[in-house]
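*Asks:* Before I ask anything, here is the structure I am working with.
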Ligand SMILES: Nc1ncnc2c1ncn2[C@@H]1O[C@H](COP(=O)(O)OP(=O)(O)OP(=O)(O)O)[C@@H](O)[C@H]1O
Ligand SMILES: [Mg+2]
């Protein structure tokens, strides 16, 4: 089965993810205010960018040479008092005559760049870390290779964590304080950040960062990790090309969004794709993609745009495919309706404990749309809209794998009928690692009709079916 070539050996292994090349510039310091912060963009600076780069480099060299303890662990004020004299010295040595304003603005930029994100900066720079969890100042956990570990890193106090949160959210025009104690944000590199502070968070300011994978996983990576088998990858490709409506389900952090991204790579390049997300994580390879992102309401509770609003709007944008990052509420109903009215090939993810639970949750979410539809009508919508549920898990060995793939075969009375196409069979352990395989159930799935109608012919072994018999004379 040569459809999927083996890994190109890009250095990433199993459950571990070597995705982010450090965003540190060559000289070893990271710029937290890198390109996406408009405040740091060249157009708005009052000073000359080249001069700034030169000054910043000189300050860094002198700072490194001075043997002072790492500035990122100092409070902003302490760091300022260490860096200011060095900065002044560089200006004098280089004979730079700056206006007062230029001088102060350049100083702020240098400071911001040197301070980074404090004690968590090394984890942001470490490509093996995929998630960073700060539970108050003295407990910082990271996830590596799918497993959570406690680190020795610490913030000084709540105040120190708060400063880092502010450094993350303020360039985005958000704020965090007692009156708005929860915030979602993104780092300049795209990593997803959630922060929640006292009095809601009892441990102290709590930050969760899902690091953004700069190099998105491919189907080859998934086969290598054991997330997909080669057979399932072929089936999934056929399912996407044949425009089946697909829901990827699983627990928190089970890899749903990543799988959605891998599946989306199978969408033909001549289609118009609209993606809708709370925080844009999908990285589609196609050219004709329109990306939409919802917006939380402002402090006065106005101006919010929900996923649901965006789904409704997307229907007027002549989509060939609609991809919703995750359904959580009433948008499920709009999505089902879209799938039932000619927007085939749509995909989304949902939080659940198994394929059947996914359907139960969809029902609840559709009810949240508040349309007063009878349950049977909703089940009818689900049964005719959804073709496949791909369920995955973060297993106890830290690996993320597809564990069950089911199709919906109809509605009988009040019950939605489902049938398994693939089920993960655990075969044992090799050290810590779970050995097992996603096995085809050997039943001829009904969706095969749709796949064949799209002129896609899968070899029978992909589904564990007996080979086609040829007549012998
Ligand atoms: N197949 C995989 N193999 C190894 N690691 C993976 C795999 N899929 C995802 N990951 C890693 O697992 C983490 C969570 O992935 P992802 O964001 O896709 O999960 P999710 O289920 O969408 O989470 P959430 O419920 O928070 O939205 C990421 O760090 C990602 O790089
Ligand atoms: Mg997700």
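*Asks:* Only residues that are away from ligand 1 (no atom under 16 Å from the Cβ), surrounded by fewer than 20 Cβ atoms within 10 Å (Cβ to Cβ) and in a loop (DSSP other than H, G, I, E, B): list them for segment 328-370, please.
*Replies:* Across segment 328-370, the qualifying residues are 330, 341, 342, 344, 368, 369, 370.
*Asks:* Which condition breaks for residue 242 when tested against (1) closer than 25 Å to residue 189 by Cα; (2) more than 16 Å from ligand 1 (Cβ to nearest atom)?
*Replies:* Every listed condition holds for residue 242 apart from (1).
Residues checked against (1) at pLDDT 90 or above; (2) farther than 21 Å from residue 154 by Cα; (3) in a helix (DSSP H, G or I):
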position: 72; (1), (2), (3): no, no, yes
position: 78; (1), (2), (3): no, no, yes
position: 86; (1), (2), (3): yes, yes, yes
position: 91; (1), (2), (3): yes, yes, yes
position: 97; (1), (2), (3): no, yes, no
position: 102; (1), (2), (3): no, yes, yes
position: 108; (1), (2), (3): no, yes, yes
position: 114; (1), (2), (3): no, no, yes
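*Asks:* With respect to the numbered conditions (1) assigned to a helix (DSSP H, G or I); (2) in contact with a helix residue (DSSP H, G or I) (Cβ under 7 Å, 6 or more places away or on another chain); (3) over 21 Å from residue 341 (Cβ atoms), which one is the sole condition not fulfilled by residue 466?
*Replies:* Exception for residue 466: condition (1).
*Asks:* I've got another one for you. Among 198, 181, which is the only one that is more than 30 Å from residue 229 (Cβ to Cβ) and either more than 24 Å from the chain's Cα centre (by Cα) or buried (at least 17 other Cβ atoms within 10 Å of the Cβ) (or both)? I'd like the intermediate steps shown before the answer.
*Replies:* On the way: 181 fails: either more than 24 Å from the chain's Cα centre (by Cα) or buried (at least 17 other Cβ atoms within 10 Å of the Cβ) (or both).
Only one candidate qualifies: 198.
*Asks:* List every residue pair whose Cβ atoms lie under 6 Å apart, where the two residues are 6 or more positions apart in sequence or sit on different chains, the first residue falls within segment 424-452 and is in contact (Cβ under 8 Å) with a residue 60 or more places away in the chain, and the second residue, located anywhere, is surrounded by fewer than 16 Cβ atoms within 10 Å (Cβ to Cβ) and assigned to a loop (DSSP other than H, G, I, E, B).
*Replies:* Partner pairs satisfying both residue conditions: 440/464.
*Asks:* Turning to a different aspect of this structure: Going through segment 136-156 one residue at a time, which ones are outside any strand (DSSP E or B), without any contact (Cβ under 8 Å) to a residue 40 or more places away in the chain and within 12 Å of ligand 1 (Cβ to nearest atom)?
*Replies:* none
*Asks:* Look at residue 287 and say whether it is out of contact with any helix residue (DSSP H, G or I) (no Cβ under 6 Å at 6 or more places or on another chain), outside any helix (DSSP H, G or I), within 16 Å of ligand 2 (Cβ to nearest atom) and under 22 Å from residue 267 (Cα atoms). Break it down into steps so the answer makes sense when it comes.
*Replies:* Numbers: out of contact with any helix residue (DSSP H, G or I) (no Cβ under 6 Å at 6 or more places or on another chain): yes; outside any helix (DSSP H, G or I): yes; within 16 Å of ligand 2 (Cβ to nearest atom): no; under 22 Å from residue 267 (Cα atoms): yes.
Considered against the rule, which asks whether it is out of contact with any helix residue (DSSP H, G or I) (no Cβ under 6 Å at 6 or more places or on another chain), outside any helix (DSSP H, G or I), within 16 Å of ligand 2 (Cβ to nearest atom) and under 22 Å from residue 267 (Cα atoms), residue 287 comes out as no.
*Asks:* Which residues, counting only those in segment 263-280, are over 30 Å from residue 230 (Cβ atoms) and touching a helix residue (DSSP H, G or I) at 6+ places or on another chain (Cβ under 6 Å)?
*Replies:* Selection gives 274, 276.
*Asks:* Tell me which of these residue 325 doesn't satisfy, since it passes every other one: (1) within 15 Å of ligand 2 (Cβ to nearest atom); (2) surrounded by fewer than 16 Cβ atoms within 10 Å (Cβ to Cβ).
*Replies:* In the conditions (1) within 15 Å of ligand 2 (Cβ to nearest atom); (2) surrounded by fewer than 16 Cβ atoms within 10 Å (Cβ to Cβ), residue 325 misses (2) alone.
*Asks:* Working only within segment 220-239, note down all residues that are farther than 18 Å from residue 389 by Cβ, near ligand 1 (Cβ under 10 Å from one of its atoms) and surrounded by 21 or more Cβ atoms within 10 Å (Cβ to Cβ).
*Replies:* Answer for segment 220-239, where residues must be farther than 18 Å from residue 389 by Cβ, near ligand 1 (Cβ under 10 Å from one of its atoms) and surrounded by 21 or more Cβ atoms within 10 Å (Cβ to Cβ): 221, 225, 226.
*Asks:* While we're looking at this one, here's another question. Would you call residue 289 crowded, with 19+ Cβ neighbours inside 10 Å and either within 15 Å of ligand 1 (Cβ to nearest atom) or at pLDDT 95 or above (or both)?
*Replies:* Numbers: crowded, with 19+ Cβ neighbours inside 10 Å: no; either within 15 Å of ligand 1 (Cβ to nearest atom) or at pLDDT 95 or above (or both): yes.
Considered against the rule, which asks whether it is crowded, with 19+ Cβ neighbours inside 10 Å and either within 15 Å of ligand 1 (Cβ to nearest atom) or at pLDDT 95 or above (or both), residue 289 comes out as no.
*Asks:* What number goes with the only condition from (1) within 16 Å of ligand 2 (Cβ to nearest atom); (2) part of a strand (DSSP E or B); (3) closer than 22 Å to residue 148 by Cα that residue 217 does not pass?
*Replies:* (2) is the only condition that residue 217 fails.
*Asks:* Identify the residue in segment 241-281 that is buried (at least 20 other Cβ atoms within 10 Å of the Cβ) and in a loop (DSSP other than H, G, I, E, B) and, among all such residues, is nearest to ligand 2 (Cβ to nearest atom).
*Replies:* 281
*Asks:* Can you name the condition, by its number, that residue 398 falls short on among (1) part of a helix (DSSP H, G or I); (2) at pLDDT below 95?
*Replies:* (1)
*Asks:* Check segment 376-388 and report whether any residue there is touching a residue at least 40 places away in the same chain (Cβ under 8 Å), crowded, with 19+ Cβ neighbours inside 10 Å, within 16 Å of ligand 2 (Cβ to nearest atom) and in a strand (DSSP E or B). If you could, list the steps in order and put the result at the bottom.
*Replies:* First pass over segment 376-388, keeping only residues touching a residue at least 40 places away in the same chain (Cβ under 8 Å): 378, 381-382, 384-388.
Remaining after also requiring crowded, with 19+ Cβ neighbours inside 10 Å: 378, 381-382, 385-388.
Next cut, within 16 Å of ligand 2 (Cβ to nearest atom) only: none.
The answer is no; no qualifying residue exists.
The values are calculated or read from the model by the stated rules, or taken from the named source; none is laboratory data. Just so it is clear, the structure is predicted and the values come from calculations on it, not from any experiment. Reconstructed Cβ throughout: ideal geometry from the backbone, glycine too, with neighbour counts over all protein chains shown.
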